[in-house]
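Every number in this text was worked out from the coordinates using simple rules, so none of it is lab data. Just so we're clear, the structure is a prediction, and the values are computed from it rather than from any experiment.
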């Protein structure tokens, strides 16, 4: 009898587990949006709309392509909240055919795709600025990326820079620049990280399509700061040693009191190549190691600027060094 009770209990527990697992799996299933449509509106944008067929989504992602081929890359161009049933795509070019699809998501769970819809953009090119083009990465350091582009419009108010990191799904706006400005530098980035950039032009009537997307990986942190601790008699910086060098050299400097230190590397044309230090340091003597393995042979300069208590520059020096590979 006891054995029968145990068998019955195990059967009930197993059944409950199956029901629980099945229910959990069911609760995590998200229905795809349906009846996706796309149509131009007001000579300014394309309206993408769909039927919300689920009741447990966190929102929707909208993807776009210039081809209906699902084996090529589709770009995620937007995100909407739960229960939404439309997205307005302003980033289009007149007379270009765009293809759209969407899916619902909840946390890390996503639905299958909707059907694919397409339409031809109808934009008033007399008032909407044309898209910039030929986006390029010009310079990469440990903590910054510089980009440049071609201006194809005469009536923009400026440009909007968008960026996403590796692992992020959608781009986000990070900054704007004025009309006719054709370069941008983002600073304060993380070393050895990948970033993606694109941009569009804008004015009071709307925005253009985006440029091509470029990627840039910031350089690894090649500098190592060693605090020797001894307090010097005054501010100083020594010539790097060895000099010439290949590819590693050391720069020694001293701080009489707590200071904000900037130590930068320039090429012979005066173009900044890398920032080694940009931070507050306590009083003491320091030695920084610069690994120039990623740089070409030639003459370089390092400049140190020292500020105390956010006052004017207390100490500043240029020194020349030679990388001889």
Legend entry - Of 240, 305, 55, the one that fluctuates the most in a GNM where the chain has Cα springs shorter than 10 Å: 55
Legend entry - Ellipticity estimate at 222 nm from DSSP helix runs (n ≥ 4, -39,500 (n - 2.57)) divided over the chain, nearest 500: -3000 deg cm²/dmol
Inset, instruction - Mind putting together the pair-distance distribution for segment 133-217? All Cα pairs, 10 Å bins, whole percent per bin, short to long. - result: 18, 53, 25, 4
Inset, instruction - Whole Å is fine, so just give me how far the alpha carbon centre of segment 240-298 lies from that of segment 37-76. - result: 50 Å
Inset, instruction - Please work out the ratio of the alpha-carbon Rg of segment 280-325 to 2.2 N^0.38 Å and round it to two decimals. - result: 1.48
Inset, instruction - Would you mind giving the average projected area, over all directions, of the Cα convex hull of segment 34-120 in nm² with one decimal? - result: 5.4 nm²
Legend entry - Crossing angle, helix 2-27 versus the chain [Cα axis fit, 0-90 degrees, rounded to tens]: 70 degrees
Inset, instruction - Send over the Kirkwood Rh of segment 81-236, from the inverse of the averaged 1/r over different Cα pairs, rounded to one decimal Å. - result: 18.5 Å
Inset, instruction - Find the relative contact order for the chain and round it to a whole percent, using C-alpha pairs within less than 8 Å whose residues are 6+ positions apart. - result: 12 percent
Inset, instruction - At q = 0.07 Å⁻¹, work out log10 I(q)/I(0) for the chain with the Debye formula, treating every Cα as an identical point scatterer and leaving solvent out; two decimals please. - result: -0.50
